[in-house]
Amino acid sequence: MKKLLSVIIFASIAVTSGAQVKYYDAAEFPLYGKASDAMENRYARLPDSLEHISRPPLWTLGRNSAGLAVRFSSDSPVIAARWTNLYNNRMNHMTDTGVKGLDLYVMDGDEWRFVNSARPSFGHESEAVIISNMEPLEREYMLYLPLYDGLVSLEIGIDSLSHISPPNINSPGRERPVVFYGTSLLQGACASRAGMAFTNIISRRLDREAINLGFSGNAFLDYEIAHLMATVDAGCYVLDFVPNTSVELIRTNALEFYRILRDARPGIPIIFIEDPIFPHSRYDKAIAHEINSKNAAIKEFYEGLIADGQRDIYYIPSDNMIGHDAEATIDAIHFTDVGMLRYVDLVCPVIESVLEYR
């Protein structure tokens with residue numbers, strides 16, 4: 001009975017540096033990074049209406065919470081989290097903190113700064129003190145959600161004598177978010193932690209909300225994703241689907257995907273991005289041929305749009321995307337944090353210039 005009572009007490013409060021932690025449902029606070037709210041699971045990315053329309057792998061990946069973040073303000077000297085993962089996924093080339101952990105950032109001056117990660121347990125349910133022993137000052141926080149798992153529930157813990165509230169400032173700005181569509185790289189593979197996914201980095205650099213529609217191994221130009229993107233009054237659309245496609249798929253599906261966006265949102269800039277030059281393509285000639293063929297196909301498609309008089313479209317080649325030292329990937333394909341930063345350094349200035357132009 002004593003043991004059972006101890007477990008119950010520990011489940012209801014956490015004690016750190018003499019402070020009792022009280023938990024609040026994260027549903028009380030704004031959630032950033034969603035293209036739609038038409039879903040029963042708050043932490044999913046695809047609306048329920050697509051469950052029987054989208055291909056099963058695409059739908060399952062849409063339950064991952066990549067790119068989503070909870071915003072709140074608190075004066076608590078301790079911040080904790082308690083969460084239940086949907087799938088309890090594990091991967092052999094990506095950290096658990098990136099796959100199913102949480103990542104806390106704080107507004108420090110006029111920029112978002114990393115605080116610490118909430119490490120997940122080995123089961124579905126996790127609880128972690130993220131930071132403690134802080135001065136009890138009012139601060140703005142952003143809690144990034146798992147990249148390669150979903151959430152059933154999420155609670156934010158603070159000192160029981162402190163308060164927590166919705167954010168006091170509008171950051172990142174929510175008007176006209178940047179909407180990204182792409183592959184596992186865009187979803188966040190293989191960032192060491194959620195805040196290092198390149199869509200999240202770009203959002204912080206631009207101080208603008210980003211919507212991550214990255215679907216690992218499944219960016220096949222599915223038209224329902226274009227329709228979903230078109231519901232968002234975006235600052236721009238970033239299309240980074242080439243790594244998952246083929247030359248044939250680009251030639252058969254890219255135009256209709258583009259037309260869905262353009263017809264619904266005339267004048268909103270659309271950015272196309274080439275396939276990265278993966279380091280093993282230096283030696284694997286089949287991979288080199290595949291990359292070159294797909295990049296030639298997407299460039300031909302883009303130039304065809306220009307010749308047809310299409311405007312507000314932009315193109316980013318990948319020659320210098322991840323550097324030339326072969327040190328930017330975990331498995332010759334998926335980005336390390338170094339690869340994520342190099343990608344951002346290439347792509348972010350283009351997005352920024354497009355947004356300024358608007």
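The values are calculated or read from the model by the stated rules, or taken from the named source; none is laboratory data. The model shown is predicted, which means the values in this text are computed figures rather than measured ones. So basically every Cβ, Gly included, is an ideal-geometry build from the backbone, and we count neighbours across all protein chains shown. Side chains included, ligands, DNA and RNA excluded: accessible areas come from the protein's heavy atoms. Shrake-Rupley method; radii C 1.70, N 1.55, O 1.52, S 1.80 Å.
Bridge orientation summary for the chain: considering DSSP beta bridges with both residues in this region, about 70 percent are antiparallel.
Protection proxy ranking of 312-320, 198-206, by the mean of other Cβ atoms within 10 Å over each peptide's residues and highest first, is 198-206, 312-320. The candidates Phe122, Phe257, arranged from most to least accessible area with a 1.4 Å probe in the full protein assembly, appear as Phe122, Phe257. For a paramagnetic label modelled on Ser246 (point 7 Å from Cα along Cα→Cβ), amide N atoms under 17 Å away belong, within the range 271-293, to 286-293.
In the range 75-163, a dipole from Cβ-located charges (positive for Lys and Arg, negative for Asp and Glu) runs towards its positive end, and of Ser117, Leu143, Thr97 it is Thr97 whose Cα lies farthest in that direction. Applying 0.36 nm per residue to the separation of Asp207 and Ser160 and subtracting their alpha-carbon distance, the gain on full extension is 13.8 nm. Note that the range 206-211 has calculated 3J(HN,Hα) couplings of 8, 6, 9, 4, 10, 10 Hz, one per residue in order, obtained from phi through the Karplus relation 6.51 cos²θ - 1.76 cosθ + 1.60 (θ = phi - 60°); glycine and proline are x. Under the rule a/c < 1.5 gives rounded, and otherwise a/b versus b/c splits prolate from oblate, where does the range 21-100 land using the Cα gyration tensor? Taking the square roots of the gyration eigenvalues as a ≥ b ≥ c, the range 21-100 is oblate. For the range 254-265, the Karplus equation 6.51 cos²θ - 1.76 cosθ + 1.60, evaluated at θ = phi - 60°, returns couplings of 5, 5, 5, 4, 4, 4, 4, 5, 5, 5, 7, 10 Hz by residue, with Gly and Pro reported as x. The range 212-237 and the range 29-48 have their alpha-carbon centroids 14 Å apart. Projecting label points 7 angstrom from Cα along Cα→Cβ for Arg113 and Phe301 puts them 4.3 nm apart.
Return, ordered by residue number, the residues of the range 151-188 whose backbone nitrogen is under 12 Å from a label point located 7 Å along Cα→Cβ of Ser353. Label zone hits: none.
Magnitude of the charge dipole for the chain, about its Cα centre and with charges confined to Cβ atoms of Lys, Arg (+1) and Asp, Glu (-1), is about 600 debye. Ile156 contributes an accessible area of around 0 Å² to the protein surface, as traced by a 1.4 Å probe with all chains present.
For the range 250-358, a simple Cβ point-charge model (Lys and Arg +1, Asp and Glu -1, everything else neutral) yields a dipole of about 380 debye relative to the Cα centre. Note that the chain presents 43 Å² accessible area per residue, ligands and nucleic acids not counted, probe 1.4 Å.
Give me, ordered by chain and number, the residues 5 or more places off Val238 or on other chains with an amide H under 5 Å from its own placed amide H. It is Val179, Phe180, Tyr181, Ile271, by chain and number.
Note on Arg176/Glu135: beta-carbon distance plugged into 1/(1 + (r/R0)^6) with R0 of 51 Å gives a FRET efficiency of 0.90.
With the highest mean first, a sort of the peptides 56-67, 280-291, 28-39 on other beta-carbon atoms found within 10 angstrom per residue produces 56-67, 28-39, 280-291. Taking a ≥ b ≥ c as the square roots of the eigenvalues of the Cα gyration tensor of the range 22-155, is the shape rounded (a/c under 1.5), prolate (a/b larger than b/c) or oblate? It is prolate, given that a/c is not under 1.5 and a/b is the larger ratio.
Accessible surface ranking for Val99, Val350, Val152, 1.4 angstrom probe, highest first: Val152, Val350, Val99.
Both radii are taken from the alpha-carbon atoms of the chain; with Rh as the Kirkwood radius, Rg/Rh is 0.99.
In the chain, the calculated helix contribution to ellipticity at 222 nm averages -9000 deg cm²/dmol per residue, counting -39,500 (n - 2.57) for every DSSP H run with n ≥ 4. In order along the range 62-67, phi translates into HN-Hα couplings of x, 7, 5, 9, 3, x Hz, rounded to whole numbers, per the Karplus curve 6.51 cos²θ - 1.76 cosθ + 1.60 with θ = phi - 60° and x for Gly and Pro. Of the residues Ile298, Pro166, Cys236, the one whose Cα sits farthest toward the positive end of the charge dipole of the chain, with +1 on the Cβ of Lys and Arg and -1 on the Cβ of Asp and Glu, is Pro166.
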